[in-house]
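Since every read-out is calculated from the coordinates, none of them should be taken as a lab result. Note that the coordinates shown come from a computational prediction; the quantities given were computed from them, not determined experimentally. Quick reminder, even Gly has a Cβ in these numbers, built from the backbone with ideal geometry, and neighbours come from all protein chains shown.
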Amino acid sequence: MTHEHQHAAPHDHAAPDPSLSPAQHWEQRYAGDERIWSGRVNATLAEVVGEFEPGASIDLGCGEGGDVLWLAEQGWQARGLDISETAIGRARAEAAARGIESATFTATDLGAWQPEPDTADLVTASFFQSEVALERMEILRRAASAIRPGGHLVTISHAAPPSWADHHPAHMIDVRAEAEQLAQPAVDWAVEVAEERRRPAVGPDGAPGEHLDAVLVLRRR
Ligand SMILES: C[S@@+](CC[C@H](N)C(=O)[O-])C[C@H]1O[C@@H](n2cnc3c(N)ncnc32)[C@H](O)[C@@H]1O
């Protein structure tokens with residue numbers, strides 16, 4: 001297991017253009033010919049989900065599909081959703097190039113998404129954070145309603161800026177607060193993991209540093 005961050009390119013820390021909608025903002029982030037993430041699965045997600053029996057999964061804010069393609073390779077019927085048409089196009093192209101048929105991708109604004117209840121065994125969201133408007137908690141709550149009894153919600157998020165930066169443009173996640181809000185009613189949800197984990201990384205100048213990830217695993221009873 002490698003502990004590499006999925007992000008291949010450094011974040012663009014220019015202030016977001018307030019005249020752009022979230023969809024336009026993310027299209028601009030994905031603009032150009034090159035993928036902006038590494039394409040590899042997020043290592044922490046692989047660690048957590050590697051223990052589960054495959055079934056139907058949904059990845060929120062899947063970007064270019066690294067996690068979804070990995071899930072499909074592990075035997076999941078894996079669905080990826082993202083607001084960016086460009087990112088979804090790259091994910092589909094990669095699935096086709098690798099001959100992965102059990103991964104499907106849809107471009108959609110999750111702010112307006114209503115999942116079918118009890119249709120998923122796993123909902124994942126890796127670094128589903130934004131420097132522009134994102135109704136993260138509402139989206140995670142609705143997504144949780146898609147999870148069947150025995151299924152899991154797994155989120156991996158930035159809990160703090162990386163060690164080499166004093167600022168991160170996106171909203172940072174307090175994993176315990178999020179666990180309290182999402183594991184409701186408690187009779188329906190067990191909190192299996194709600195903790196911060198340090199992950200070694202390399203900073204933009206090549207010097208070693210680390211990320212602080214917020215890891216949340218809920219199981220529907
Ligand atoms: C920081 S990226 C993470 C991408 C990927 N999960 C990863 O780990 O590399 C956040 C993703 O959320 C997506 N996103 C932001 N707002 C969204 C929304 N309202 N609906 C769907 N996707 C959204 C962005 O397009 C972007 O791909």
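Tell me which residues come under 5 Å, amide H to amide H, from Gly55 once H is placed; ignore anything under 5 positions away on its chain.
Result for Gly55 returns Gln77.
Return the sequence-ordered ³J(HN,Hα) values of the stretch 79-88 in whole Hz as given by the Karplus equation 6.51 cos²θ - 1.76 cosθ + 1.60 applied to θ = phi - 60°, using x for Gly and Pro.
With coefficients 6.51, -1.76 and 1.60, one gets 10, x, 10, 7, 6, 8, 4, 5, 4, 5 Hz.
Take Val187, Val217, Val68, Val123 and order them by how many other Cβ atoms sit within 10 Å, fewest up front. Walk me through the numbers on the way to the answer.
Working: Val187 7, Val217 20, Val68 30, Val123 26.
If I rank by nearby Cβ atoms, fewest first, I get Val187, Val217, Val123, Val68.
For Val193 and Arg98, what does the FRET efficiency come to when R0 = 22 Å and r is the distance between their Cβ atoms, rounded to the nearest 0.05? Intermediate results must be reported in sequence, preceding the final value.
Details: r = 30 Å, r/R0 = 1.36.
The calculated FRET efficiency here is 0.15.
If one puts a single equal scatterer on every Cα of the stretch 66-221 and applies the Debye formula without solvent, what log₁₀ I(q)/I(0) results at q = 0.10, 0.19, 0.21 Å⁻¹?
-0.40, -1.32, -1.43
List the residues whose amide H sits under 5 Å from the amide H of Gly80, counting only those 5 or more places along or on another chain, with H placed 1.01 Å from N in the peptide plane.
Under 5 Å from the amide H of Gly80: Asp59, Thr104, Phe105, Thr106.
Within a 10 angstrom radius of the beta carbon, how do Leu212, Leu134 rank from fewest other beta carbons to most?
Details: Leu212 16, Leu134 20.
Arranged by neighbour count, lowest to highest, Leu212, Leu134 become Leu212, Leu134.
For the stretch 23-108, take the convex hull of the Cα atoms, compute a quarter of its surface area, and give me that in nm², please. Provide the component values of the computation, followed by the final result.
Details: hull surface 20.9 nm².
That works out to 5.2 nm².
Quick one: plug the Kirkwood hydrodynamic radius of the stretch 116-162 (C-alpha pairs) into Stokes-Einstein at 10 °C, 1.306 mPa s, and report D in µm²/s.
Working: Rh = 11.6 Å.
The Stokes-Einstein estimate is 137 µm²/s.
Using the count of nearby Cβ atoms within 10 Å as a rough guide to exposure, how do Ser57, Ser126 rank from fewest to most? Walk me through the intermediate numbers first.
Values: Ser57 27, Ser126 23.
Lowest to highest Cβ neighbour count: Ser126, Ser57.
Go ahead and set up a Gaussian network model of the chain, Cα springs under 10 Å, then flag whichever of Gly151, Gly50, Gly206 fluctuates most.
Comparing Gly151, Gly50, Gly206 in a Gaussian network model of the chain, the most mobile one is Gly206.
Measuring from a point 7 Å past the Cα of Val202 along Cα-to-C-beta, which residues in the stretch 28-43 have an amide N at less than 17 Å?
What the label zone holds, given the 17 Å backbone N cut-off, is 37-40, 43.
For Ser163 and Ala186 in the same chain, what is the full-extension length gain: residue separation times 0.36 nm, less their Cα-Cα distance, in nm?
Working: separation 23, 0.36 × 23 = 8.28 nm, distance 3.47 nm.
Gain on extension, Ser163 to Ala186, equals 4.8 nm.
Suppose every K and R has +1 on its Cβ and every D and E has -1 on its Cβ; what is the size of the dipole of the chain about the Cα centre, in Debye to the nearest 20?
Numbers: 18 positive and 35 negative charges, 77 e Å.
Dipole of the chain, to the nearest 20 debye: 360 debye.
Between Val217, Gln28, Ser84, whose Cα lies farthest towards the positive end of the dipole of the chain when Lys and Arg beta carbons carry +1 and Asp and Glu beta carbons carry -1, centred on the Cα centre?
The residue sitting most towards the positive pole is Val217.
If you average the alpha carbon positions of the stretch 25-59 and of the stretch 108-137, how far apart do those two centres end up, in angstrom?
About 14 Å separates the Cα centre of the stretch 25-59 from the one of the stretch 108-137.
Give me, ordered by chain and number, the residues 5 or more places off Ala201 or on other chains with an amide H under 5 Å from its own placed amide H.
Here the answer is Gly209, Glu210, His211, since their amide H atoms fall under 5 Å of that of Ala201.
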